[in-house]
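Before any comments, here is the structure.
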Amino acid sequence: MTEKARAELLADVLSRYEDSPNPRLREITEAAIRHLHAFAEEVNLQRDEWLAGIQFLTAAGQKCDDTRQEFILLSDTLGVSSLVEMLTHDGVEGSTENTVLGPFYVPGSPQRAKGESMLVDPDDGDRVVIRGTVTDIDHEPIAGATLDCWQNATAGFYAVQQPGEQSAENLRGVYSTDADGSYEIRTVRPVPYPIPSDGPAGDLLKAHGRNWMRPGHTHMWVRADGYKELITHVFDNETEYLRDDAVFGVRDSLIRRFEPDAAGELATTFDIVLDRA
Ligand code: BEZ
Ligand code: FE
């Protein structure tokens, strides 16, 4: 087929969306069509290859269930989740950066007192403290902000991945800030861990010789009335894979050094700045 025929095909397809009643859906659909056609053109996509792609996406769908979302893993490992986070976060200069949510967040974590450990089960890891303040962009403390935290155990898995082996509340906790905006979390030093690789997203990583590891981090979902929610991580500056995160979630501004504090505990400071809603 000539280039002209292919251009006419694309124009014909796009014209069918002209009367769409939903402008945003139309914009997204038309852009997806244009980019899909351009992609097929660029690689001179052949029928058997397109079928292999369709079978890959079918297998991804079949891998999904209530606790496994293969399409999110695929989006994560292709860097699209990270890009969408960047586009979504229109934070003003100086506010804390966001990063990917990941699949292991479970709502309903126990409320924990300031300084309490969120470690419930036995664990060989180093004990650490993460402390800081939650403020607005003008350095005004935000009292009563909540920090919903979750982290993998030193064995490499989140509690939600190991029901029966880990307590459901292990390494999960909701902390609140004091009147001066301060908070304090005790946990284990986060270690690198593998993202689920036993499905099509993992197969694609392996086919390209990529790893499926994430650098050690603690997740936080910070909420306060009148402020934009912040979904972020704290990364350990000594952890492996900081420059080769399987899901492209590392932001330099979120990397912290753990050092002994005055009481001899391994600690780091992570001050959080929220944007007004
Ligand atoms: C996580 O950090 O929990 C995560 C993020 C993306 C994919 C898999 C895991
Ligand atoms: Fe994680």
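A short reminder: the numbers here are calculations on the coordinates, not readings from a lab. None of the values given here were measured: they were computed from a predicted structure. Note: ideal-geometry Cβ built from the backbone for every residue, glycine included; neighbour counts use all protein chains shown.
Under a crude label model (7 Å from the Cα following the beta-carbon direction), how far is residue 39 from residue 271 in nanometres?
4.3 nm
What's the angle, to the nearest 10 degrees (0 to 90), between helix 23-43's Cα axis and the longest principal axis of the chain?
Roughly 70 degrees, rounded to the nearest 10.
Quick check: convex hull over the Cα atoms of the range 5-115, volume per residue in Å³, rounded to an integer?
It comes to 206 Å³ per residue, whole-number rounded.
May I ask what percent, to the nearest 5, of DSSP beta bridges between residues of the chain are antiparallel?
Taking every DSSP beta bridge within the chain, about 70 percent pair in antiparallel fashion.
Sorted from largest to smallest, which semi-axis lengths in Å does the alpha carbon gyration tensor of the range 149-277 give for its equivalent ellipsoid, taking the root of 5 times each eigenvalue?
For the range 149-277, the ellipsoid semi-axes come out as 27, 17, 17 Å.
Please find the FRET efficiency linking residue 127 to residue 105, where r is the Cβ-Cβ separation and R0 is fixed at 25 Å, and quote it to the nearest 0.05.
So the FRET efficiency works out to roughly 0.60.
GNM, the chain, Cα, under 10 Å: largest mean-square fluctuation among 13, 128, 106?
Evaluated over the chain, the most mobile residue of the options is 13.
Is it possible to state the helix-based mean residue ellipticity at 222 nm for the chain, with each DSSP H run of 4+ residues giving -39500 (n - 2.57), the sum divided by total residues, to the nearest 500 deg cm²/dmol? What is it?
Roughly -8500 deg cm²/dmol at 222 nm, from the helical runs in the chain.
How are the alpha carbon pair distances in the range 53-154 distributed across 5 Å bins from zero to the largest one, expressed in percent?
Percent of pairs per bin, in order: 2, 8, 13, 15, 18, 16, 14, 7, 4, 2, 0.
At a Cα cut-off below 19 Å, give the lysines reachable from residue 63, other chains included and same-chain residues fewer than 8 away excluded.
Hits, sequence-local ones excluded: 206.
Just to be sure I understand the curve: with the Debye formula and one point per C-alpha of the chain, what is log10 I(q)/I(0) at q = 0.10, 0.15, 0.16 Å⁻¹?
-0.63, -1.16, -1.26
For the residue pair residue 4 and residue 253, what label-to-label distance in nm results when each label sits 7 Å from Cα along the Cα-to-beta-carbon direction?
With each label point 7 Å from Cα toward Cβ, the separation is 5.3 nm.
Mind checking the angle between helix 3-15 and the chain's longest principal axis? C-alpha axes, 0 to 90 degrees, to the nearest 10.
The two axes meet at around 60 degrees.
Compute the length gained on full extension between residue 66 and residue 83: take 0.36 nm times their separation in residues and subtract their Cα-Cα distance, giving the result in nm to one decimal.
3.6 nm
I'd like to know which of 196, 153, 226 lies farthest towards the positive end of the charge dipole of the range 120-275, counting +1 on Cβ of Lys and Arg and -1 on Cβ of Asp and Glu.
196
Hey, what do the phi angles of the range 105-111 turn into as Karplus ³J(HN,Hα) couplings, whole Hz, using 6.51/-1.76/1.60 and θ = phi - 60°, x for Gly and Pro?
Listing the rounded values in order: 6, 10, x, x, 5, x, 5 Hz.
Lysines within cross-link reach of residue 228: Cα-Cα under 25 Å, excluding same-chain residues under 8 positions apart?
Excluding near neighbours in sequence, the set is 114.
Charges only on Cβ, +1 for Lys and Arg, -1 for Asp and Glu: so what's the dipole of the range 51-134 about the Cα centre, in debye to the nearest 20?
120 debye
Under unit Cβ charges (Lys, Arg +1; Asp, Glu -1), what dipole magnitude, rounded to 20 debye, does the range 95-176 have relative to its Cα centre?
It comes to approximately 140 debye.
Quick one: dipole size for the chain, taken about the Cα centre, charges +1 on Lys/Arg Cβ and -1 on Asp/Glu Cβ, in debye to the nearest 20.
Roughly 420 debye for the chain.
If R₀ is 22 angstrom, what is the calculated FRET efficiency for the pair residue 263 and residue 167, using the beta carbon separation as r and rounding to 0.05?
Once rounded, the FRET efficiency stands at 0.20.
Grab the Cα-Cα distance for residue 59 and residue 178, subtract it from 0.36 nm times how many residues apart they are, and report the gain in nm with one decimal.
Between residue 59 and residue 178, full extension yields 38.0 nm more.
At a Förster distance of 35 Å, what's the computed FRET efficiency of residue 140 paired with residue 243, Cβ-Cβ distance as r, to 0.05?
0.50
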